[in-house]
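Undergrad: My questions will all concern the structure given below.
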Amino acid sequence: MFDLLAEIVSNERRTHDTWLMALRSQSIAQAAKPGQFVMIRVSPGLDPLLRRPFSICGVKEDLFLVLYRVVGKGTNLMRELRQGEKLQVLGPLGKSFAVPEKNFSRLLVGGGIGVAPLLFLRQFHREKADALMMGFRSAKDILSPQKITGEEWGLAVATDDGTKGHHGPVTDLLDEFLRKNSGEVAVFACGPKPMLRKVAETTLALGIPCEVSLEAHMACGLGACQGCAVKASATSGRSYFYVCQEGPVFKAEEIDWEGL
């Protein structure tokens, strides 16, 4: 883990409300693993006071990439930042995805900006076969993997309004895939909690290995503030997990999805 000033190399729009930032830090780029995140202080002043958590969505030599959606004061400030400016960054933090040792096919299931850690997972373990399916609200929200990582690969898309791809939730595509593919598969997912709950229910019912990356409000990223607690399942032997310290990646069976 490092706490350092990272130089902004680029900060570019990818959809109407989503931006991709590349920051230079050889230390973070070399240490980062898929599923981990960084805490970024978006302003040198006291407003906003707290750092913001962002998943690492890829690395390129001494650069690490952060994908963010403009939703509030902090991310509105971020989109105005320019090449050459520097940000205070803490990371990499958290637990990464664990790729099965067996010859499993990987199925990556994301919702919206949840594509970020999944793209890094694919980049980090290129030797593994995989498929990617993503759900978005509308065609205008679709994030092209090629525009983020520069690599072109297959993408099955679902949109809530039916403007592109399957009309409905991305979990419909998951159900269809698992009906047609009876071989060994492991699922990795990141996105909104209702989507993750459905992914977990489906994979647990079929006995399919599944890891999920949870999103949570964080103040410190180190477990000290205890603001990112999620309820653990009865079989986990725990009452709660702290997403920043013991996640953000969890096995699907570790989480109490009804209490999430």
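Undergrad: Suppose the filter is crowded, with 18+ Cβ neighbours inside 10 Å, in contact with a Phe, Trp or Tyr (Cβ under 8 Å, 6 or more places away or on another chain) and not hydroxyl-bearing (Ser, Thr, Tyr); does ALA229 pass it? Quick ask: steps written out before the conclusion?
TA: On the way: crowded, with 18+ Cβ neighbours inside 10 Å: no; in contact with a Phe, Trp or Tyr (Cβ under 8 Å, 6 or more places away or on another chain): yes; not hydroxyl-bearing (Ser, Thr, Tyr): yes.
When the stated conditions are applied, ALA229 does not pass them.
Undergrad: Name the residues in the range 161-180 that are in a helix (DSSP H, G or I) and touching a His at 6+ places or on another chain (Cβ under 9 Å), would you?
TA: Passing the criteria: ASP172, LEU173, GLU176.
Undergrad: Continuing with this model, one more query. How about the range 35-78: which of its residues are polar (S, T, N, Q) and under 23 Å from VAL99 (Cβ atoms)?
TA: So the first thing to find is which residues in the range 35-78 are polar (S, T, N, Q), and the list is 36, 43, 55, 75-76.
Selection gives GLN36, SER55.
Undergrad: Which is over 17 Å from the mean Cα position of the chain (by Cα), within 30 Å of PHE2 (Cα to Cα) and not basic (Lys, Arg), of ALA219, ALA205, ALA234, ALA189?
TA: ALA219
Undergrad: Of all residues in the range 162-198, how many are among the basic types (Lys, Arg) and in contact with a Ser or Thr (Cβ under 6 Å, 6 or more places away or on another chain)?
TA: Total satisfying the criteria: 1.
Undergrad: Moving on to the next point. Name the one entry in PHE64, PHE136, PHE104 that is closer than 24 Å to LEU4 by Cα and of a type in the set (Phe, Trp, Tyr).
TA: On inspection, the qualifying residue turns out to be PHE64.
Undergrad: How about the range 47-139: which strands (runs of 3 or more DSSP E) wholly inside it have at least 2 residues that are among the aromatic types (Phe, Trp, Tyr) and in contact with a strand residue (DSSP E or B) (Cβ under 8 Å, 6 or more places away or on another chain)?
TA: So the answer is 63-69.
Undergrad: What pairs come up if the first residue lies in the range 155-167 and is outside the structural domain of LEU118 (by TED's automatic domain parsing) and touching a residue at least 60 places away in the same chain (Cβ under 8 Å), the second is charged (D, E, K, R) and surrounded by 18 or more Cβ atoms within 10 Å (Cβ to Cβ), and their beta carbons are under 8 Å apart, counting only those six or more places apart or on different chains?
TA: none
Matching residues to (1) without any contact (Cβ under 8 Å) to a residue 40 or more places away in the chain; (2) not assigned by TED's automatic domain parsing to the domain that holds LEU196:
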| site | (1), (2) |
| --- | --- |
| PRO209 | no, no |
| GLY221 | no, yes |
| CYS228 | yes, yes |
| THR235 | yes, yes |
| ARG238 | yes, yes |
| GLU246 | no, yes |
| VAL249 | no, yes |
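Undergrad: In this structure, does ASP130 turn out to be surrounded by fewer than 21 Cβ atoms within 10 Å (Cβ to Cβ) and either under 27 Å from LYS231 (Cβ atoms) or out of contact with any helix residue (DSSP H, G or I) (no Cβ under 8 Å at 6 or more places or on another chain) (or both)?
TA: Numbers: surrounded by fewer than 21 Cβ atoms within 10 Å (Cβ to Cβ): yes; either under 27 Å from LYS231 (Cβ atoms) or out of contact with any helix residue (DSSP H, G or I) (no Cβ under 8 Å at 6 or more places or on another chain) (or both): no.
Criteria not met by ASP130.
Undergrad: Would you be able to say whether some residue in the range 242-250 is under 25 Å from ARG41 (Cβ atoms) and at pLDDT 95 or above?
TA: Yes, because at least one residue in the range 242-250 is under 25 Å from ARG41 (Cβ atoms) and at pLDDT 95 or above.
Undergrad: While we're here: Please go through (1) within 24 Å of VAL70 (Cα to Cα); (2) of a type outside the set (D, E, K, R); (3) surrounded by 23 or more Cβ atoms within 10 Å (Cβ to Cβ) for LEU174 and return the number of the only condition it doesn't satisfy.
TA: (1)
Undergrad: Looking at (1) charged (D, E, K, R); (2) under 17 Å from the mean Cα position of the chain (by Cα); (3) assigned to a loop (DSSP other than H, G, I, E, B), find the lone condition where GLU211 falls short.
TA: (3)
Undergrad: What residue, among those in the range 27-43 that are part of a loop (DSSP other than H, G, I, E, B) and in contact with a strand residue (DSSP E or B) (Cβ under 8 Å, 6 or more places away or on another chain), is surrounded by the most Cβ atoms within 10 Å (Cβ to Cβ)? If you could, list the steps in order and put the result at the bottom.
TA: Of all residues in the range 27-43, those part of a loop (DSSP other than H, G, I, E, B) come to 32-36, 42-43.
If we keep only those that are in contact with a strand residue (DSSP E or B) (Cβ under 8 Å, 6 or more places away or on another chain) too, we end up with 32-36, 42.
Numbers: ALA32: 23, LYS33: 18, PRO34: 25, GLY35: 27, GLN36: 24, VAL42: 20.
Taking the candidates together, the pick is GLY35.
The values are calculated or read from the model by the stated rules, or taken from the named source; none is laboratory data. This is a predicted model, so every value here is computed, not measured. Backbone-built Cβ (ideal geometry, glycine too); neighbour counts: all protein chains shown.
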